[in-house]
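Worksheet: the structure to be examined is printed underneath.
The values are calculated or read from the model by the stated rules, or taken from the named source; none is laboratory data. These numbers were taken from a predicted model, which means no experiment stands behind them. When we count neighbours, we look across all protein chains shown, and the Cβ atoms used for this are built from the backbone with ideal geometry, even at glycine. Just so you know, the surface numbers come from the protein's heavy atoms only, side chains and all, with ligands and any DNA or RNA stripped out. Shrake-Rupley method; radii C 1.70, N 1.55, O 1.52, S 1.80 Å.
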Amino acid sequence: MGTREGAVGRALEFFDGGGFQQLLTDLVAVPSTSQEEAAAPALSAYLETAMRPWLERLGFAITISPNPLAGFGPILTAMRIEDPAKPTVLLYGHGDTVRGLEDQWRAGLSPWKVTAEDGRWYGRGTADNKGQHAINLAALEAVLAERGGKLGANVKLVIEMAEERGSRGLREFVAAHATELAADALIASDGPRVEPEVPTIATGTRGTFHFDLVVKLREGGVHSGHWGGLTTDPAIRLAHALATIMDRDGKILVRDWLPQGGVPRRVKAVLEGCPVGGGDGAATIDEGWGEPGLTSAEKIYGWNSFIVLAMVSGRPENPVNAVAPDARAHCQIRYTVDTDPDSFAPALRAHLNAHHLQDVRIENAFIRMPASRTAPDHPWVGWAQASVARTLNKSVQIIPSSSGGLPGDVFVDHLGVPLVWIPHSYNGCKQHGPDEHLLISAAREGIASFAGIWWDLGEAGTPPRT
């Protein structure tokens, strides 16, 4: 008879012996960026050649389906059903990546090759998300080997290939396959820990709402000598509009955008003492920036933020002596489930009008990913927290919203599952930019954690089925 310790030991032996690094190398070698049309064949190749043989070896029945929306990557579903009466966990991952940005990586690194250096594995997708879902599946393989091919529970899997394009088509797909994807909980991995050394469970994510602020006053630029001081400068009008939205210290002034009751009590309680860090020098936590009176954890995991992602007037790369005809800023609100994104644009319109900025237009408003949140004290969250803590002999930090975007709302809306996100990365992993990497230490803890989770799933003591 196998043991829990034996299962965790098998997973760590595979990891420490180089097996996982080779597996990750094979996955990263598939240039499956969904953001470049020419890479479309690689999206299918990742599922067919990298995933299918491995999953079939683990006893999954595989289906690879076209995306319901034309032009977006395929979706793999895999079923491993031992007994429908046993607990069922839904595992999620995405095999697509952002662009490789090959020319921006530092010397000696390549996006499509795994390079080990200073306790890190470099390569596109190592952290987001190939490395993370591979950790979970490798842990499952170790548990199956320890238990003689049986898990004692059921696993369903979704791997999409359009997450880096907003998970387009996933909602339609899950809605159409809700019966076959039904599960007791979603337990999956993406995003960062609160700090590299702190095991973390996120029970949701903030949503992302985008819009453009536009000031367009004329069809073309006019001579700055003849017209400067006489005709309105759209860049100045736009700058004043932004200044009414947020003050100099990062406090949002459009108060209707914010949770009206403040940070909810249960969210505040779970974030008490929560650390935030591990940016590895990429950015700083500026204590005076943002909503006054909130901790850093409350600001990023329990509150809304406003960001100007890009802004332009004229041609900064080649200025001319002209008053520009227009100015534009692309903006984003990261929001929790405690606010209604449908109210954001109307609230901003009323706010700008009140400041006599009727000429500032709001264009192209849309939700890229909706917010989601499972109650931090949900039984499945507590079960997973206890399992990880037992394996690692560490405290596990629960947060109500991961700091990045994930399609958890899709699974909540159509499957009604609680969300248990267990990230294996950290804030400084440089995902979406050059030099993306996975911390080897966090990955090692991740494979051990999931070996414990898979083992415990097959034992008594899982939350009651509803």
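By the Kirkwood approach, averaging reciprocal distances over each pair of separate Cα atoms, the stretch 282-401 gets a hydrodynamic radius of 18.5 Å.
Tell me the relative contact order for the stretch 179-278 as a rounded percent, counting alpha carbon contacts under 8 Å between residues six or more apart. List each step's numbers first, then the result.
Values: 33 pairs, mean separation 35.7, N = 100.
Relative contact order of the stretch 179-278: 36 percent.
Ranked from largest, the principal axis spans of the Cα set of the stretch 212-300 equal 60, 34, 19 Å.
Among bridges DSSP assigns within the chain, what percent are antiparallel (round to 5)?
75
How much length is gained on full extension from residue 13 to residue 343, taking 0.36 nm per residue of separation minus their Cα-Cα distance?
On the way: separation 330, 0.36 × 330 = 118.80 nm, distance 5.22 nm.
The residue 13-residue 343 span can extend by a further 113.6 nm.
All Cα-Cα distances of the stretch 133-195, cut into 5 Å bins from zero to the largest, leave 3, 12, 18, 21, 20, 14, 9, 2 percent in each bin in turn. The peptide list 34-40, 162-168, put in order of mean Cβ contacts within 10 Å with the highest first, becomes 162-168, 34-40.
Give me the dipole magnitude in Debye, nearest 20, for the stretch 242-304 about the Cα centre, with unit charges on the beta carbon: positive for Lys and Arg, negative for Asp and Glu. Working shown, then result.
Working: 7 positive and 9 negative charges, 60 e Å.
Dipole of the stretch 242-304, to the nearest 20 debye: 280 debye.
Count Lys and Arg as plus one, Asp and Glu as minus one, and take only other residues whose Cβ is under 14 Å from that of residue 211; the net charge is then +2. In terms of the mean number of neighbouring beta-carbon atoms within 10 Å, the peptides 253-261, 72-80 order highest first as 72-80, 253-261. Close amide H pairs (under 5 Å, H built 1.01 Å from N) link residue 295 with no residue at least 5 positions away or on another chain.
In the P(r) worked out for the stretch 156-275, what percent of Cα pairs fall beyond 23 Å? Counting every Cα pair in the stretch 156-275, those more than 23 Å apart make up 63 percent. Taken per residue, the accessible surface of the chain reaches 41 Å², heavy atoms only and a 1.4 Å probe. The Rg/Rh ratio of the stretch 1-133, with both radii computed over alpha carbons and Rh defined as the Kirkwood radius, is 1.01. Placing a pseudo-label 7 Å from each Cα along the Cα-to-Cβ vector at residue 106 and residue 212 gives an inter-label distance of 3.7 nm.
Under the convention that each Lys and Arg Cβ holds +1 and each Asp and Glu Cβ holds -1, the size of the dipole of the chain around its Cα centre is about 440 debye. In this view, the solvent-accessible surface of residue 236, computed with a 1.4 Å probe and all protein chains in place, comes to about 90 Å².
Working from label points 7 Å from Cα in the Cα-to-Cβ sense, the residue 36 to residue 294 distance is 3.7 nm.
Taking the Cα centre of the stretch 258-384 as origin, sum charge times position over the Cβ atoms of Lys and Arg (+1) and Asp and Glu (-1), and report the length of that vector in debye to the nearest 20. Working shown, then result.
Working: 11 positive and 14 negative charges, 46 e Å.
About 220 debye.
Here the chain is treated as a Stokes sphere of Kirkwood radius computed over C-alpha pairs; at 37 °C and 0.692 mPa s its diffusion coefficient rounds to 139 µm²/s.
Listed values for the stretch 317-325 are Karplus-derived 3J(HN,Hα) couplings in whole Hz (6.51 cos²θ - 1.76 cosθ + 1.60, θ = phi - 60°), namely 6, 8, x, 10, 7, 8, 7, 5, x, and x replaces Gly and Pro.
With the cut-off at 1.5 for a/c, could you classify the stretch 93-212 from its C-alpha gyration tensor as rounded, prolate or oblate? Please report the intermediate quantities before stating the final value.
Working: a/c = 1.84, a/b = 1.20, b/c = 1.54.
Because a/c hits 1.5 or more and a/b fails to exceed b/c, the stretch 93-212 counts as oblate.
Given their separation in residues at 0.36 nm each and the Cα-Cα distance between them, residue 65 and residue 44 gain 6.6 nm when the chain is fully extended.
Can you work out the FRET efficiency for the pair residue 222 and residue 287, with r the C-beta to C-beta distance and R0 = 56 Å, to the nearest 0.05? Walk me through the intermediate numbers first.
Details: r = 44 Å, r/R0 = 0.79.
Given R0 = 56 Å and the Cβ-Cβ separation, E is 0.80.
In this rough spin-label picture, where each label sits 7 Å from Cα along the Cβ direction, the residue 366-residue 466 distance is 3.3 nm.
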